[in-house]
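Engineer: What follows is a structure written as structure tokens; I'll ask about it next.
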Amino acid sequence: MIEIVYQYDPKTSRPVPPPATPAEARQRLCDGNRDFVAMFGDLSASKDSRQVVTFDLADLGVNQVKGAAPRQRPFAVVMGCSDARAPTELIFHQASNALFVVRVAGNVLGNECLGSIEYAVRNLGSDLKLLVVMGHSGCGAVTAAVDAFLDPSRYLTVASSQALRAIVDRIVVPVRAAADALERVRGLRVTKAPGYRRALIESAVVLNSAITARTLKHEFREVSAENIDVVYGVYDLVTRGVNLPDGVGTKSGAALFNPPLSDSGFEELSEKLASSAAVTRILDDERLE
């Protein structure tokens, strides 16, 4: 049996103080994701697993001044994809009022999303310490952009309306960057590899998230990193961990990363992805196409 329990015990529950620094906020999210991953453990062992998420009644408006709503006090903004398989609060083991969540297909940074994040930065107080961009493996929006890139004649098929094109068009840049890096690192014949399309998708997922994080870093450049930092990561739909692909990320099982802040930094990241163990496995796997 697997249980996810939201728990409030008036005898033992105490409000969890918000992280004091961006580093503490990052660590809290990584620790929460490790708890989420560990919950599923070795399912073959037939052991029960229980995840307890404690919360404060005040965050749901209980025991507040009559007629008053609870005050927003998130410690992080998380911008993620709308994909239903990537439930943000569960992934990071957080309860109500801990995260200000913005979700849109492909985690692309349109004006509405940027405005939502700016509202949080300008209005939600000193508790806010972190801006997180979270992509995920197998992203449908990135897949659409890759398919349009590989076969431009399909552009109006995969993006048949102006609204869909607005999403796909924003992802073409990281797709192009991923394709260029694969060719630089592995040669032109890489396009003939069995898993090339899938390798392009997974590389572009990372670069898309990194570019969005760098954009946020630029948009809020007047905000000191000591007050609010910007990080990114990718949620793996199979392992349930937030990290980067094998050979690029860490071995801890949960990690968030600072985005490259220069063109050379992005080139280095794209080439590291192209030469990574994860991409090597994908390129050689005929089942992925």
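Engineer: Would you check which residues across the range 22-73 are charged (D, E, K, R) and at pLDDT 70 or above and list them? Working first, answer last.
Structural biologist: Taking the range 22-73 as the starting set, the residues that turn out to be charged (D, E, K, R) are 24, 26, 28, 31, 34-35, 42, 47-48, 50, 56, 59, 66, 71, 73.
Hits for the range 22-73 are GLU24, ARG26, ARG28, ASP31, ARG34, ASP35, ARG50, ASP56, ARG71, ARG73.
Engineer: Taking the condition hydroxyl-bearing (Ser, Thr, Tyr), out of contact with any Asp or Glu (no Cβ under 8 Å at 6 or more places or on another chain) and surrounded by fewer than 19 Cβ atoms within 10 Å (Cβ to Cβ), does SER160 pass?
Structural biologist: Numbers: hydroxyl-bearing (Ser, Thr, Tyr): yes; out of contact with any Asp or Glu (no Cβ under 8 Å at 6 or more places or on another chain): yes; surrounded by fewer than 19 Cβ atoms within 10 Å (Cβ to Cβ): yes.
In short, yes.
Rundown of residues vs (1) at pLDDT 95 or above; (2) β-branched (Val, Ile, Thr); (3) farther than 24 Å from ASP127 by Cα, yes/no style:
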| site | (1), (2), (3) |
| --- | --- |
| TYR196 | yes, no, yes |
| LYS217 | yes, no, no |
| ILE228 | yes, yes, no |
| GLY233 | yes, no, no |
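Engineer: A further question follows. If the requirement is being touching a residue at least 24 places away in the same chain (Cβ under 8 Å), closer than 24 Å to PHE149 by Cα and surrounded by fewer than 24 Cβ atoms within 10 Å (Cβ to Cβ), which of these qualifies: ARG184, ARG240?
Structural biologist: Values: ARG240 fails: closer than 24 Å to PHE149 by Cα.
Criteria check complete, one pass: ARG184.
Engineer: Here's a follow-up. Go through the range 188-211 and report how many residues are in contact with a Gly (Cβ under 8 Å, 6 or more places away or on another chain) and either of a type in the set (Val, Ile, Thr) or more than 21 Å from ASN243 (Cα to Cα) (or both).
Structural biologist: 3
Engineer: Could you list, in sequence order, all residues of the range 223-261 that are among the β-branched types (Val, Ile, Thr), more than 30 Å from TYR119 (Cα to Cα) and more than 15 Å from the chain's Cα centre (by Cα)? Full working, then the answer.
Structural biologist: Here is the first cut: in the range 223-261, the residues among the β-branched types (Val, Ile, Thr) are 223, 228, 230-231, 234, 238-239, 242, 248, 250.
Next, only the ones that are more than 30 Å from TYR119 (Cα to Cα) stay: 238-239, 248, 250.
Listed by number, the residues that qualify are VAL248, THR250.
Engineer: Kindly state which helices (runs of 4 or more DSSP H) lie completely within the range 133-241 and contain at least 2 residues that are in contact with a Pro (Cβ under 6 Å, 6 or more places away or on another chain).
Structural biologist: Details: elements: 140-150, 155-158, 162-186, 196-219.
The qualifying helices (runs of 4 or more DSSP H) are 196-219.
Engineer: Just name the residue that is farthest from ASN258 (Cα to Cα) out of those in the range 1-36 that are in a helix (DSSP H, G or I) and hydrophobic (A, V, I, L, M, F, W, C).
Structural biologist: Applying the first criterion (in a helix (DSSP H, G or I)) to the range 1-36 yields 22-36.
Remaining after also requiring hydrophobic (A, V, I, L, M, F, W, C): 23, 25, 29-30, 36.
Values: ALA23: 11, ALA25: 14, LEU29: 14, CYS30: 14, PHE36: 22 Å.
Looking at the filtered set, the residue picked out is PHE36.
Engineer: State which residue is farthest from VAL175 (Cα to Cα) when the search covers only the range 261-276 and only residues that are surrounded by fewer than 19 Cβ atoms within 10 Å (Cβ to Cβ) and touching a helix residue (DSSP H, G or I) at 6+ places or on another chain (Cβ under 7 Å).
Structural biologist: LEU261
Engineer: Can you find even one residue in the range 149-159 that is of a type in the set (Gly, Ala, Ser) and modelled with pLDDT under 95?
Structural biologist: Initial filter on the range 149-159 (of a type in the set (Gly, Ala, Ser)): 153, 159.
Next cut, modelled with pLDDT under 95 only: 153, 159.
Checked against the condition, which is being of a type in the set (Gly, Ala, Ser) and modelled with pLDDT under 95, the range 149-159 yields at least one hit.
Engineer: Also, I was wondering about something else. Please go through the range 137-181 and pick out each residue that is polar (S, T, N, Q) and either under 20 Å from ALA274 (Cα atoms) or in contact (Cβ under 8 Å) with a residue 12 or more places away in the chain (or both). Talk me through it step by step, then tell me what you get.
Structural biologist: From the range 137-181, those polar (S, T, N, Q) are 137, 143, 153, 157, 160-162; that's our starting set.
Scanning the range 137-181 gives SER137, THR143.
Engineer: Which condition breaks for ASP285 when tested against (1) under 18 Å from VAL146 (Cβ atoms); (2) in contact with a helix residue (DSSP H, G or I) (Cβ under 7 Å, 6 or more places away or on another chain); (3) charged (D, E, K, R)?
Structural biologist: (2)
Engineer: Is one or more of the residues making up the range 129-136 over 30 Å from ARG71 (Cα atoms) and surrounded by 19 or more Cβ atoms within 10 Å (Cβ to Cβ)? Even if it seems obvious, please write down each step before you answer.
Structural biologist: Here is the first cut: in the range 129-136, the residues over 30 Å from ARG71 (Cα atoms) are 136.
From what is left, the residues that are surrounded by 19 or more Cβ atoms within 10 Å (Cβ to Cβ) are 136.
Looking for residues that are over 30 Å from ARG71 (Cα atoms) and surrounded by 19 or more Cβ atoms within 10 Å (Cβ to Cβ), one finds at least one in the range 129-136, hence yes.
Engineer: Mind counting the residues in the range 134-186 that are among the basic types (Lys, Arg) and over 27 Å from VAL101 (Cβ atoms)? Walk me through how you get there before you give the answer.
Structural biologist: Keep residues of the range 134-186 that are among the basic types (Lys, Arg), which gives 154, 165, 170, 176, 184, 186.
From what is left, the residues that are over 27 Å from VAL101 (Cβ atoms) are 154, 176, 184, 186.
Here the count works out to 4.
The values are calculated or read from the model by the stated rules, or taken from the named source; none is laboratory data. On a predicted model such as this, the values are computed, not experimentally measured, just so you know. Don't worry about glycine lacking a Cβ; one is built from the backbone with ideal geometry, like all the others, and counts go over all protein chains shown.
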